[in-house]
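A.B. asks: Pasting in a structure now, in structure tokens, and then I'll have a few things to ask.
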Amino acid sequence: MGYNGLPTKTMAQQYGCELTIVQRPRKGFYVPNEVTDVKAYLKELGFAFPEGFKLLPKRWIVERTLAWLNKFRRLSKDYELLMSTSEQILYLAMSRILIRRITAVRRV
């Protein structure tokens, strides 16, 4: 789950970003023993009860990008002393990925 407190909202407003936090439903619910239909009971209480698997929006983009970056050994662990050094290595890694995609020879 994402953090949706006041600091996050003020940062989004400060930088002019539109921030959408997708929250998953809680896993544990207290249901009395005499209840036979759990889904109906939870809907009565006002809980959203998703049916089956639901894809979270844009999550795959983040996971794919992190998988690409995970291929770089220097980024696999936090070796750097300064945060700015880690940020620059991230820029270098993403630059390498993008340059390789731009210069890739298309086979026909």
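A.B. asks: When only residues in region 12-35 that are β-branched (Val, Ile, Thr) and within 21 Å of the chain's Cα centre (by Cα) count, which is modelled with the lowest pLDDT?
C.D. replies: If we filter region 12-35 for residues that are β-branched (Val, Ile, Thr), which is where we start, we get 20-22, 31, 35.
Pick out the ones that are also within 21 Å of the chain's Cα centre (by Cα) and you get 20-22.
Numbers: Thr20: 70, Ile21: 67, Val22: 63.
The residue in question is Val22.
A.B. asks: Next up: Just give me the residues in region 48-75 being at pLDDT below 80 and more than 21 Å from Thr20 (Cβ to Cβ), in sequence order.
C.D. replies: Listed by number, the residues that qualify are Phe49, Glu51, Gly52.
The values are calculated or read from the model by the stated rules, or taken from the named source; none is laboratory data. Note that the coordinates shown come from a computational prediction; the quantities given were computed from them, not determined experimentally. Methodologically, a virtual Cβ is constructed for each residue, glycine included, from the backbone with ideal geometry; neighbour enumeration extends over all protein chains shown.
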